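First comes the structure, then the notes that go with it.
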Amino acid sequence: MPDHIEFSSDIGPIVELVAIARSEGAREDAFARLRNQQAKGRAALEQYAEQLDRLYEDIARSGHNADWLNHAADIVRRSEDSQREKLRPGIEALEQKLARYGDTRDAEARRLIAESIAVGEAWLSLPATLHKKLSQLAAERRAAAQQIRRARPVAGEIDYDGLTREIIARYPNILKALAE
């Protein structure tokens, strides 16, 4: 399990490009760059989601105990907090800008800002989802470890000679010890 998950550089520039979009002269150029940056952000988001899904599947198959899973969930939570610190101010700035625009500004600008907010929020939700899944898996593994296991009685006749031969075949040192 890695100690941290890298924050993508494809998400952050969206906020800066939206700020440029208010200048009429640079508006179309900024919108084109913003669309391009959003496409990169969505691609990075999909890649990040796949990476976290593969990470969870690998961890689930690994058979680690509940304590290890809780530690992994804590690492993911710290990564999520770090990403939230970096992205939240930009997302809030975009939300304020969208609220100021209201219905008076053009629909294209509002749509681009709303899409940028959605990409940022989706980015932040991925580690939260992984944290939740890891915590749930840890709880399941802890419950399974505490479950009482009982042997079932043997039904039918027991072939003691066959059982003895099987045990001796598995553990030849027992026969040597018994012979001494």
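The values are calculated or read from the model by the stated rules, or taken from the named source; none is laboratory data. What you see is a predicted model, and the numbers here were worked out from it, not measured in a lab. Cβ: placed from backbone, ideal geometry, glycine included. Neighbour counts: every protein chain shown.
Selection of region 110-123 for residues being under 15 Å from the mean Cα position of the chain (by Cα) and surrounded by fewer than 19 Cβ atoms within 10 Å (Cβ to Cβ) yields Glu121, Ala122. The number of residues in region 73-108 being among the small types (Gly, Ala, Ser) and over 29 Å from the mean Cα position of the chain (by Cα) comes to 3.
Residues in region 145-168 that are exposed (fewer than 10 other Cβ atoms within 10 Å of the Cβ) and within 49 Å of the chain's Cα centre (by Cα): Ala145, Gln146, Gln147, Ile148, Arg149, Arg150, Ala151, Arg152, Pro153, Val154, Ala155. Within region 109-123, restricting attention to residues that are in contact with a helix residue (DSSP H, G or I) (Cβ under 7 Å, 6 or more places away or on another chain) and of a type in the set (D, E, K, R), the residue that is modelled with the lowest pLDDT is Arg110. When region 89-109 is filtered for residues that are surrounded by 14 or more Cβ atoms within 10 Å (Cβ to Cβ) and without any contact (Cβ under 8 Å) to a residue 24 or more places away in the chain, the ones remaining, listed by number, are Glu95, Leu98, Tyr101, Arg105. The condition (being over 16 Å from Ile117 (Cβ atoms) and of a type in the set (D, E, K, R)) is satisfied by just one residue among Arg61, Arg42: Arg61.
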